[in-house]
Amino acid sequence: MEFREKLHNGDLYLPMDEQLMNEQLKCMERLYDFNLTRPLEQERRQELLKEMFAEIGEGCYIEPPLRANWGGHHVHFGKGIYANFNLTLVDDTHIHVGDYTMIGPNVTIATAGHPILPELREQAYQYNAPVHIGKNCWIGAGVIIIPGITVGDDSVIGAGSIVTKDIPAGVVAVGNPCKVMREINERDREVYFRDRKIELE
C-alpha cells in the first residue's frame with residue numbers, strides 16, 4: 001500500500017513510518033514560517049497559505065498562531081473563511097470547511113484517533129476520519145470537533161462545545177456533548193443578540 005493511503009482509508013496504522021514523518025516535517029516547515037509573519041505581512045501570509053493548504057479559497061483570513069499536524073496539507077477551505085487565534089487542525093486526513101464559515105479563537109478540529117484497547121495504544125496505533133463543516137457556519141470559541149464529524153450548512157456551534165455527533169444544517173447547537181438547541185428561525189431575522197434589533201442601513 002502506498003504510504004500516504006494509510007492516512008486516508010480509516011484503517012489502523014503506525015504514524016512513526018519514516019516516509020510519513022519526513023513528509024510531515026516538510027509541511028511543518030511552511031507552517032513555522034507562517035506563524036513567524038508580522039501583522040503587516042498579509043500578502044506573505046496569503047502566499048504561504050496557498051502553499052500549505054490542499055485548497056484555500058479567495059478572501060480567507062487565518063490569524064496566527066495556527067497549529068496543524070500536517071501544516072494544513074490535508075485542509076480544504078472554501079472562500080471568505082475567517083479563523084481567529086490558536087486554531088488547531090489535527091489534519092492527519094482531510095478537513096473540509098465551506099465558504100464564509102467563521103471560526104472563533106482556540107478551536108480544535110481533529111481527524112486523528114487512537115484505539116481504546118491499551119495494547120494497541122502502547123504500540124502507538126492511530127486511525128483517521130475526515131471532518132466536514134458546511135458553508136456559512138459559526139464555530140464558537142473553544143469548540144472541539146472530534147474525528148468523523150459533519151456540521152451542516154448555516155449552523156452555529158456554541159462556545160466551549162464538544163461535538164461528538166453530526167450536527168444538521170440550520171441549527172444552533174451547544175454543550176458537552178454538543179446537542180441541538182433549536183433551529184434557526186424567524187426571530188433570528190429580527191434580533192441579532194438578546195433583544196437587539198437588526199437595523200442595517
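The values are calculated or read from the model by the stated rules, or taken from the named source; none is laboratory data. These figures come from a predicted structure and were not determined experimentally. All Cβ positions, even for glycine, are placed from backbone atoms using ideal geometry, and neighbour counts span all protein chains on display. In case anyone asks, the SASA skips ligands and DNA or RNA and just uses the protein heavy atoms, side chains included. Shrake-Rupley method; radii C 1.70, N 1.55, O 1.52, S 1.80 Å.
Once a ≥ b ≥ c are taken as the square roots of the eigenvalues of the Cα gyration tensor of segment 132-171, is the result rounded (a/c under 1.5), prolate (a/b larger than b/c) or oblate (a/b not larger than b/c)? It is oblate, given that a/c is not under 1.5 and a/b is not larger than b/c. Model label points for A159 and H8, set 7 angstrom from Cα along the Cα-to-Cβ axis, are 3.8 nm apart. Sort largest first and round to whole Å: the equivalent ellipsoid semi-axes of segment 64-111, each the square root of five times a Cα gyration tensor eigenvalue. After diagonalising the Cα gyration tensor, the semi-axes are 15, 13, 8 Å. For the chain, the Cβ-based charge dipole about the Cα centre amounts to some 560 debye (Lys, Arg positive; Asp, Glu negative; other atoms uncharged).
When the trypsin sites (Lys or Arg not before Pro) in segment 47-153 are filtered for DSSP coil states and for at most 16 other beta-carbon atoms within 10 Å of their beta-carbon, the remaining sites are K79. For a straight C-alpha distance cut-off of 16 angstrom, the lysines reachable from K50 (same-chain residues fewer than eight places away being disregarded) are K26, K79. If you sort I56, I103 by accessible surface, 1.4 Å probe, largest first, the order is I56, I103. Hydrodynamic analysis of segment 6-92 uses the Kirkwood radius over alpha carbon pairs. Inserted into Stokes-Einstein at 37 °C and 0.692 mPa s, it gives a translational diffusion coefficient of 242 µm²/s. For segment 122-201, the share of accessible area belonging to carbon and sulfur comes to 51 percent (1.4 Å probe, ligands and nucleic acids excluded). Normalising the average separation of contacting C-alpha pairs (under 8 angstrom, six or more residues apart) by the number of residues puts the relative contact order of the chain at 13 percent. Residue ranges 162-169, 18-25 sort as 162-169, 18-25 when ordered by packing (mean number of other C-beta atoms within 10 Å per residue, highest first). Calculation over all alpha carbon pairs of segment 139-199 in 5 angstrom steps from 0 returns a P(r) of 5, 19, 26, 23, 13, 9, 4, 1 percent. For E47, the accessible surface of its heavy atoms amounts to roughly 100 Å² (probe 1.4 Å, protein chains only, rounded to the nearest 10). Computed over segment 69-142, the P(r) tail beyond 15 angstrom holds 58 percent of alpha carbon pairs. Across every pair of non-identical alpha carbons in segment 24-155, the mean reciprocal distance, once inverted, gives a Kirkwood radius of 14.9 Å.
Rg ratio for segment 79-201: its Cα radius of gyration over 2.2 N^0.38 Å, N being its residue count, equals 1.18. Against the chain, whose longest principal axis comes from its Cα atoms, helix 18-35 is set at around 40 degrees.
How far is the Cα center of segment 53-125 from the Cα center of segment 134-200, in Å? Computed from Cα coordinates, the inter-centre distance equals 19 Å.
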